[in-house]
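The values are calculated or read from the model by the stated rules, or taken from the named source; none is laboratory data. Treat the numbers as computed from the prediction; the structure is a model and nothing was measured. In this analysis, Cβ positions are derived from the backbone assuming ideal geometry, glycine residues included, and neighbour counts consider all displayed protein chains. Areas reflect the complete protein model, heavy atoms only, side chains present, ligands, DNA and RNA absent. Shrake-Rupley method; radii C 1.70, N 1.55, O 1.52, S 1.80 Å.
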Amino acid sequence: KARAQVDPALQADLQALLQQRLIHYANLYTSAIADTPTQRYQALLATHQQRLERIPLHILAAYLGVSAVHLSRIRRKLKAL
């Protein structure tokens, strides 16, 4: 048998991890539908600012569902505020 089937504590940990990931993906999906790219970028800035500094802009733009040019415009607009 697999270890997760034998160890109830491990099984509970795996289930908790799966639930967290499911909630994360559900929130990501709803955000993609309900929020604008600017709102999504601001939310990422609020929660992961240090990580965003290390991510290439074209990858961040793809994650947000916009082009790199659009992301550049969003960043410039927010910087001007």
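Couple of notes before you dig in:
- Hydrodynamic radius of the chain by the Kirkwood approach over all distinct alpha-carbon pairs: 15.0 Å.
- Working ranking of peptides 61-67, 43-49 by packing, defined as the average number of other Cβ atoms within 10 Å per residue, highest first, is 61-67, 43-49.
- Ordering LEU52, GLN42, ALA68 by the projection of their Cα atoms onto the charge dipole of the chain, which places +1 on the Cβ of Lys and Arg and -1 on the Cβ of Asp and Glu, puts ALA68 at the extreme positive end.
- Inter-label distance, ALA62 to TYR25: 1.9 nm, where each label sits 7 Å from its Cα along the C-beta direction.
- DSSP loop trypsin sites (Lys or Arg not before Pro) with at most 14 other Cβ within 10 Å excluded, longest remaining stretch of the chain: 2-53
- Of the DSSP H helices in the chain, those that are both long (alpha-carbon extent of 30 Å or more along the helix axis) and hydrophobic (Kyte-Doolittle mean at least 0.0) are 8-34.
- Solvent-accessible surface (1.4 angstrom probe) belonging to ILE74, in square angstrom, nearest 10: 10
- Contact order normalised by residue count of the chain, Cα under 8 Å, 6+ apart, percent: 17
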